[in-house]
Structures are given as C-alpha cells and as structure tokens.
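See structure below.
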Amino acid sequence: MQKSTVQTLMMAGGIIGLAALAAGMGLAHGCDEQEGSGTIAGQVSITPELASKVAPTDVLFVIVRRPGGAPRPLAVKRIEGPRFPVSFEITNKDVMVQGSELRGMVDVVARLDKDGRAGPPQPGDLEGQFEKNPTLPGGTNLQILISKEH
C-alpha cells in the first residue's frame, strides 16, 4: 500500500474515533448544548404472552444507564400500578446523582418489578429495552416492548 493511502486511512480512523468520543461525551448534534434537551420520552408496551403476569402491585421502572458502564442507573422513572401501554418522560430532574445530566450515549430499559424495589432484576420481573440502544437523549418516541421474564 502506498504511504499516502496509509496516511489517508489513519486520518479517517482518527476522525471516526473523535466522532465516537464526542457522541459518548454528549457533544453530538453539532455541539449544541440545547439540542437533545436532556429528555427521553416514549411508550412501554408488553407482549400479550406476558400481559397476564402484570399485577396491580407491580412497579414499572424506566431506566437510563451508560452502555457498557456501571450497572448503576444514570436516571430512573418510577411508575406504580402501570396500565399498558404506558407513556414516560425522563428529564434531568430524574437523574440519580445531583449535577449529572442526560447526555451522551445511553441505554434505555423498562423493568416491571414484582417487589417494587429498585435493584438488579429478580426472578419473575419482566423486562424490555429500546431496540435501537444505545441512543442519545432527545428522542421523544422511543418504543419499548417488555418481552423477557427473569
């Protein structure tokens, strides 16, 4: 391979790497801090096969966390006694650590929790995730289908 071709490929790789780093740090969307608005909204549905397992005492948690990061959520919305389909909106007011913001790449998961306590999934809990994880905050029409039982 010619030296100029190798240099071009190295530069292209560097640009792609910087774009990935910018997205991970929440600098995507033209570096406009207002873009994306720190909001994630959508609707959670459940498969017909699992719908009969929903009890009035169940709690729905819509969880936002960093992909491949610590299991601790970045933000959580708690919905008691959900009736499916359930609309949700998560904003910077729902972040777990004060001073944190909804920015950068995130995974969005919905868990129907049988004991109503936050934490790792337990046997009997039902779960689903946004099909296009990871995503950036700013999405207002995320569709999550609960289709898995722990």
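The slack between Lys93 and Lys132, meaning 0.36 nm per residue of separation minus the straight C-alpha distance, is 11.7 nm.
Taking 0.36 nm per residue of separation and subtracting the Cα-Cα distance, full extension of the segment from Ala51 to Glu80 would add 8.8 nm. How about Lys148: which lysines have a C-alpha closer than 24 Å to its C-alpha, ignoring those fewer than 8 places off in the same chain? Straight-line reach from Lys148, under 24 Å: Lys53, Lys77, Lys114, Lys132. Other residues lying with their Cβ under 11 Å from the Cβ of Glu127 contribute a combined charge of -1, Lys and Arg counting +1, Asp and Glu -1. On full extension, the segment bounded by Arg117 and Ser100 gains 3.8 nm, given 0.36 nm per residue less the C-alpha separation. By the compact-protein rule of thumb, 2.2 N^0.38 Å, the alpha-carbon radius of gyration of region 36-149 corresponds to a ratio of 0.99.
Coordinate-derived values only; no laboratory data. Values in this document were obtained by computation on a predicted structure and should not be read as measured data. Don't worry about glycine lacking a Cβ; one is built from the backbone with ideal geometry, like all the others, and counts go over all protein chains shown.
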